[in-house]
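Below is one structure, written out as structure tokens, with a few remarks after it.
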Amino acid sequence: MKFIFSYMKKYRWMIAGGMMIKMSGTVGELMLPYVLEHLIDDVAPMKSAARILLWGLVMIGLAILVRQLNVNANRLAVRVAKESIYEIRRDLFWKSVNLSGNQLDEFGLPSLNSRMTSDSYNLQSFIQSIQTMGIRAPIMLLGGIFITLTMDTGLAMILCIMSPIMIAAVVFVSMKGIPLYDRVQRGLDDVVRIMRENITGIRVVKALSKEDYEIRRFCESNEELTNRDVKAGIVMSLPGPIMTFALNTGLTIVVLVGAVRVNNGVTQPGVILAFLTYFNMILMGVMGLNRVFMLMSKANASAQRIREVVKTEDELVPIPKEEAAVTDRDEYIIFDHVGFNYGAAKEGRQKSLSDISFSMKKGGTLGIIGATGCGKTTIVNLLMRFYDADEGAVFLDGRDVRTYDKDELHSLFGVVFQNDVIFADTLKENITFGRDVTQQELVAAAEDARARDFIEDYGDAYEHRASIHGANLSGGQRQRVLIARALAAAPEILILDDSSSALDYRTDAALRAAIREHHEGTTTIIVAQRISSIMSLDDILVLEEGRIIGHGTHEELLLNCQTYREIYEVQMQS
């Protein structure tokens, strides 16, 4: 709970004001049955119409005042909840986008999604309820018992006997609910993951006629989530019947005992009527406490999950230069005996990269080719420091990449990744991406990426809106927009990771020619499956199972690398 209250702290005066207003409104609500009892037992026997009307107006005025106080308190509670959860979501999003590659792999994107949505919603519900029901319910419970003690001690003792039973049930069950709701949220992570995978890969699912298979897989996960939710709901609903039974039993006893006392002249009829009203108020108070404890159980589980992310220490912070690796070589990019593997449990697994060593001069070009899973993209990830190498060192412009500030490092790059994202925004915003890019630079980037013609064919040109993931663009159009984005800010280093797979050979060749002509000083790395995309580059790496098995120009590799020669022959023959 400390995590939640740390965000509410800055609104303490607003919370205090809302609590005072809520307390006043609840006290006024407790006074209504008391006024009614006075009206029935003391004013009505006087048979004065004026007095009866006066006290009736007092009740109406008090009811109106109570309503307005409650409305104002609820508005303040909603405002505090809204502002607090805004800051929690902001910090959660900021931390999520700044997690290292390892941390993202550990948390998982579906889990981060559910923490941002359902977990933060649980916190918002709790923050709002603790300021309203959390104040009203205990005052209703304790205030109702206190007032009834002043009215008729004998009847009130019935409530005093029943209340501890109800409170004990609420507290015990609420303590059991926290781990149950944590399991519910983790089950939700699995459901979100499967849904996300299927929405992203819906074309593959349809193409392979695997709709029934994926539906079964989703239903299994959804059924598991439902079972966990039902179990948590059953446990958390147990206090309700217990409290209802206890209160109804007490209410029956009050009616029976009260009838005898009224008949004997010991208690007045208005007291019995007031007692019945207070019984309902006490029931509302206990049920309100039950709801608060239920929301607290959910919020506690959700707060722990959000705190896990928000309080995660930054993993890829710049290190002091005196702790960094050093090199006396003058190449622009250097990989020096680099080894790396993904995941926390790295021991006993085949490395993603082993003993990778190569270098590039500034303004040079490098192609990387190899089978799927051989480590091509991993080299890019290490160069941009999404991960840190397990062995060896990566140097950029004579410095260990670990010494760079994240923004300083990434500002050097223009990059297109595999399965990169087109956002639901205008083509202009997708290309400029919030950077200070002029209209002339925008058009030039689109021209170099061979995207200008199809963009300007749209009536609204660069203001044309792309759908989510660029669904209203063809595969080739998406790739050209992404390449234009990489070129728009004139990067020092351009990385194209399998970014031309959807382009025809003529467009691909024209694109490479434009890059050579207009970005001559740019250091370029092209990861490709097609030899035609890299054969004209200064240097080519051939990877196999995380190792370099060939390194040289196209002509040298044809002579010295059998794997490269086989790829070339297969592709050229086809």
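Whose amide H sits under 5 Å from the amide H of I368, counting only residues 5 or more places off or on another chain, with H placed in the peptide plane?
Placed amide hydrogens put I526, V527, A528, L541 under 5 Å from I368.
Tell me, in nm to one decimal, what length is gained between M20 and I468 on full extension, where the rule is 0.36 nm per residue of separation less the Cα-Cα distance?
156.6 nm
Using DSSP, restrict attention to beta bridges with both residues in the chain and report what percent are antiparallel, rounded to the nearest 5.
Looking only at bridges with both residues in the chain, the antiparallel portion is about 50 percent.
In what sequence, highest mean first, do 109-115, 42-48 appear when ranked by Cβ atoms within 10 angstrom?
109-115, 42-48
Modelled label-to-label distance, K82 and E322, 7 Å Cα→beta-carbon offset: nm?
5.2
What does the charge add up to near T553, with Lys and Arg as +1, Asp and Glu as -1, over the other residues with Cβ less than 12 Å from its Cβ?
It works out to a net charge of -4.
Based on the alpha-carbon gyration tensor of region 293-450 and its eigenvalue square roots a ≥ b ≥ c, which shape applies: rounded if a/c is under 1.5, prolate if not and a/b is larger than b/c, or oblate?
oblate
Whose amide H sits under 5 Å from the amide H of E315, counting only residues 5 or more places off or on another chain, with H placed in the peptide plane?
Those qualifying (amide H under 5 Å, at least 5 residues apart or on another chain) are S100.
Can you work out the accessible area per residue across the chain, with the rest of the protein chains kept in place, probe 1.4 Å, in square angstrom?
51
In the chain, once you exclude exposed GluC sites (Glu not before Pro) (DSSP loop, at most 10 other Cβ within 10 angstrom), what's the longest stretch remaining?
Free of exposed loop sites, the longest segment is 1-312.
What are the residues whose amide H is under 5 Å from the amide H of V415, where those residues sit 5 or more places off or on another chain and H is modelled from the backbone?
Here I495 satisfy the definition.
Only helices at least 30 Å long along their axis, Cα-based, and averaging 0.0 or more on Kyte-Doolittle count here, so list those DSSP H runs from the chain.
Qualifying helices, which must be both long enough and hydrophobic enough, are 12-38, 49-97, 120-151, 153-200, 239-263, 269-310.
Under a Cβ-Cβ cut-off of 15 Å, what is the net charge of the residues other than R291 that fall near it, where Lys and Arg count +1 and Asp and Glu count -1?
+2
Could you work out the relative contact order of the chain? I mean the mean sequence separation of Cα pairs under 8 Å and 6+ apart, divided by the number of residues, in percent.
14 percent.
Once the piece of chain linking H554 and A259 is laid out straight, how much longer is it, given 0.36 nm per residue of separation minus the C-alpha distance between them?
95.8 nm
Residues with beta-carbon under 14 Å from that of L543, excluding L543: net charge, scoring Lys, Arg +1 and Asp, Glu -1?
-3
Tell me the carbon and sulfur percent of the accessible area for the chain, rounded to whole percent, probe radius 1.4 Å.
Here it works out to 58 percent.
The values are calculated or read from the model by the stated rules, or taken from the named source; none is laboratory data. Since the structure is predicted, the reported quantities are computational estimates derived from the model, not experimental observations. Backbone-built Cβ (ideal geometry, glycine too); neighbour counts: all protein chains shown. Accessible surface is based on the protein model in full, side chains and every heavy atom, while ligands, DNA and RNA are left aside. Shrake-Rupley method; radii C 1.70, N 1.55, O 1.52, S 1.80 Å.
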